[in-house]
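The values are calculated or read from the model by the stated rules, or taken from the named source; none is laboratory data. Keep in mind it's a predicted model, so treat the numbers as computed, not measured. Backbone-built Cβ (ideal geometry, glycine too); neighbour counts: all protein chains shown.
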Amino acid sequence: MGFPNDFLWGGATAANQIEGAYLTDGKGLSTADLMVLGSKGTKREITQTVENGKYYPTHQAINHYNQYEEDIALFAELGFKCYRLSFAWSRIFPQGDEQEPNQKGLLFYDKVINLCLSYGIEPLVTLSHFETPVGLNKYNFWENRKVVDFYAKYAETVIKHFKGRVKYWLTFNEINVMSTMPWNAGGLSLASSEEQKMVAAYHQLLASAKVVKLGREIDADNRFGSMYAGHFSYPNSADPADIQGNEEFQQKMLFYTDVQCRGAYPNYKLKELDRQNIKLPTNKGDDSILRDGIVDFVSFSYYLTHVCGKNTKGILKGLNGLETGYKNPYLERSEWGWGIDPKGLRYALNFLYNRYQLPVMVVENGLGATDKIEADGTIQDDYRIDYIRNHLAEMKKAIEIDGVPVMGYTAWGPIDLIAASTGEMSKRYGFIYVDLDDEGQGTGKRIKKKSFDWYKEVIASNGEIL
């Protein structure tokens, strides 16, 4: 009973949210580098070039590029079995379409991966996490099928380079975000049409499948996962129209993972595309590419649940694409307005496993909150401990009672980092505090929070002590 002995406990980050050094050692601009600092209630401005007088949080982030040794040592002190990180495509292929990789970019990730392995930490690498090389703009980013091959070349390069050192891979972070935040997902304007988004999504799904097949050929021990932005929802009522509205919402979100796990577009999506007069740019042989590129496991982020029904607003509206038009009266909400629903995690784990019959992994879960340094220098983040404790307790039920094969849990983010949705530092997730404010001012000093020692004990006890 309880968590498996080989359970992958750890934490998760993204290159653009921690590394900084945005043009150092030959790195090229990524789409994330053109996103200006936002705030709680506003979307981030996206500029065409880096403009003077505007603050771009990714350019500095938390300076992990120069402080990775200190950060990974703290992860090791926490007892991490697994560290989910991402490689910045534009650090390795600065424009995205070069013939040869940037060796200094590979060298940086060599140092990071080797350090993790020296501590006995299993790397889980996301190949594309909310950043696309800006140099691919000349092809219209993922709207152009050529980008499938550029991505495959990048992926092949790093999978070969790290053979024997990295065996767990995610092809695209939260791939379904193409429907809600297309700039983050693949460089598409927020004003993109549904057809543009669906064409780009098709190309990413092809790219994912190609890389899965290629990665297995490079090393049979490689394991590839899909990564779903956890948009789980409840029907607003027992009204059949609400049930149907909720089902339609879930289908809009889940078709991406259906393709990655089943190897073909589901009928409901093909019918929807037909009604919208959207024709996918298929080539002969694409069906076999998708079929041969089925993933080995399903990973997902889990922060909240939705309520949907007959009047659900489109897909998702509002900041971060989180407004459906309904509220759940039974849930408390975070400082940033996200519903807190630990029991929903058990529901989500069962939902995904029952749908795909593949092992599942929670690769993002955490509480964004404002932290305060007390007079004695401590950070008493009991609210974060309560949040994660309650979610882990529900995950444990999914394993013990429901028999869901859960591979691991990587908390987001184990160290404070810039928020993807707003770019803020003040929306803190970490067990480790980073002394920087929203404008990047501060010492950058790392400070352990109360939750640090708590999570350390959770891992040491393999989840027995929550």
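Suppose the filter is farther than 30 Å from PHE7 by Cα and part of a helix (DSSP H, G or I); does ALA207 pass it?
It is false that ALA207 is farther than 30 Å from PHE7 by Cα and part of a helix (DSSP H, G or I).
With the condition kept exactly as written, say whether any residue in the stretch 174-183 is assigned to a loop (DSSP other than H, G, I, E, B), at pLDDT 95 or above and either surrounded by 22 or more Cβ atoms within 10 Å (Cβ to Cβ) or acidic (Asp, Glu) (or both).
yes
If we keep just the residues of the stretch 364-388 that are over 21 Å from LEU349 (Cβ atoms) and acidic (Asp, Glu), which is surrounded by the most Cβ atoms within 10 Å (Cβ to Cβ)?
Restricting to residues being over 21 Å from LEU349 (Cβ atoms) and acidic (Asp, Glu), the top hit is ASP381.
Which one of ALA419, ALA411 is modelled with pLDDT under 95 and closer than 20 Å to MET227 by Cβ?
It is ALA419.
Within the stretch 303-321, is even one residue buried (at least 20 other Cβ atoms within 10 Å of the Cβ) and touching a Lys or Arg at 6+ places or on another chain (Cβ under 6 Å)?
No: zero hits.
Which one of the conditions (1) crowded, with 22+ Cβ neighbours inside 10 Å; (2) farther than 30 Å from ASN5 by Cα; (3) in contact with an Asp or Glu (Cβ under 8 Å, 6 or more places away or on another chain); (4) not acidic (Asp, Glu) does SER451 fail to meet, given that it meets all the rest?
(2)
Return the residue satisfying two criteria in turn: it lies in the stretch 389-424 and is part of a strand (DSSP E or B) and touching a helix residue (DSSP H, G or I) at 6+ places or on another chain (Cβ under 8 Å), and of such residues it is surrounded by the fewest Cβ atoms within 10 Å (Cβ to Cβ).
VAL406
I'd like to verify a number: residues in the stretch 301-323 that are part of a loop (DSSP other than H, G, I, E, B), in contact with a helix residue (DSSP H, G or I) (Cβ under 7 Å, 6 or more places away or on another chain) and either within 27 Å of VAL406 (Cβ to Cβ) or modelled with pLDDT under 90 (or both), how many?
The number of residues fulfilling the criteria is 3.
Any residue in the stretch 415-437 that's under 19 Å from GLU69 (Cα atoms): show its pairings with residues that are aromatic (Phe, Trp, Tyr) and in a strand (DSSP E or B) at Cβ separation under 8 Å, as long as the two are six or more apart or on different chains.
The qualifying pairs are ASP416/TYR433.
In the stretch 210-225, which residues are touching a Gly at 6+ places or on another chain (Cβ under 8 Å), part of a helix (DSSP H, G or I) and not β-branched (Val, Ile, Thr)?
Hits for the stretch 210-225 are LYS210, LYS213.
Exactly one condition in (1) in contact (Cβ under 8 Å) with a residue 40 or more places away in the chain; (2) within 28 Å of SER334 (Cα to Cα) is not met by GLN67; state its number.
In the conditions (1) in contact (Cβ under 8 Å) with a residue 40 or more places away in the chain; (2) within 28 Å of SER334 (Cα to Cα), GLN67 misses (2) alone.
If you check GLU131, GLU156, which single one turns out to be touching a Ser or Thr at 6+ places or on another chain (Cβ under 6 Å) and either outside any loop (DSSP other than H, G, I, E, B) or at pLDDT 95 or above (or both)?
One residue alone meets the criteria, GLU131.
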